[in-house]
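Below is one structure; the comments refer to it alone.
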Amino acid sequence: MPSATAPPTLPATSTPTPTETPVPTLGSSNIYINIYLVAADGDGPIGCGENLVPLSTGILPSGDPAVDARVALERLFGLGVQYQYGTYNPLYRSSIIITSSMYEDDFGEIVVRTTGNIDRGENSCDRNRIRLAVNATARNAAGESVEVRYNQHAFNDVVSTDK
């Protein structure tokens, strides 16, 4: 896996700049919320021999794990491109919408509820890549246990290789 690097820091200016949606940058950061995509040229333990690669969103955590999980997953689900900085996005054909993200006593963890359309890909490799990218992104952002649900079902079950 590539070594962790912080996103570039822009020099200070005297003129305020408009707030824009940050574009993910290659490299993990302990400061910013990360999303996870797949390094297709690796020799790793996931999918069909790949590694997950963190991409910094440039967005600072809010301190609320449910909010941070939502922000991270919204960035992942909204990326909309097949490749980003040499990484593969297994969700590029999907259109997933987050309907809620909150701590739920019934589950004893943060639950992110989603709906929309999941394109599971044509093979078990893509299904594994989707599950792993979503789970890594949610857990890293929340810093605790997160259950991602899709139309009232466990996301992992919906994307499972045996469905």
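We did not get these values from a lab; they are worked out from the coordinates using the rules stated. On a predicted model such as this, the values are computed, not experimentally measured, just so you know. Please note: Cβ atoms are built from the backbone with ideal geometry, for glycine as well, and neighbour counts cover all protein chains shown.
If the segment from SER62 to ASP119 were pulled out straight at 0.36 nm per residue, it would be longer than the present Cα-Cα gap by 17.5 nm.
Averaging the sequence gap over all C-alpha pairs within less than 8 Å and six or more residues apart, then dividing by the number of residues, gives segment 25-159 a relative contact order of 25 percent. Using every pair of separate Cα atoms, the Kirkwood estimate puts the hydrodynamic radius of segment 61-133 at 13.3 angstrom. With r defined as the distance between the Cβ atoms of SER160 and ILE31 and R0 fixed at 30 Å, what FRET efficiency is calculated, to the nearest 0.05? Using R0 = 30 Å, I get an efficiency of 0.30. Magnitude of the charge dipole for segment 25-159, about its Cα centre and with charges confined to Cβ atoms of Lys, Arg (+1) and Asp, Glu (-1), is about 320 debye. Think of segment 25-159 as a dipole: +1 on every Lys or Arg Cβ, -1 on every Asp or Glu Cβ, centred on the Cα centre; then among GLY108, PRO90, ALA138, PRO90 lies furthest on the positive end.
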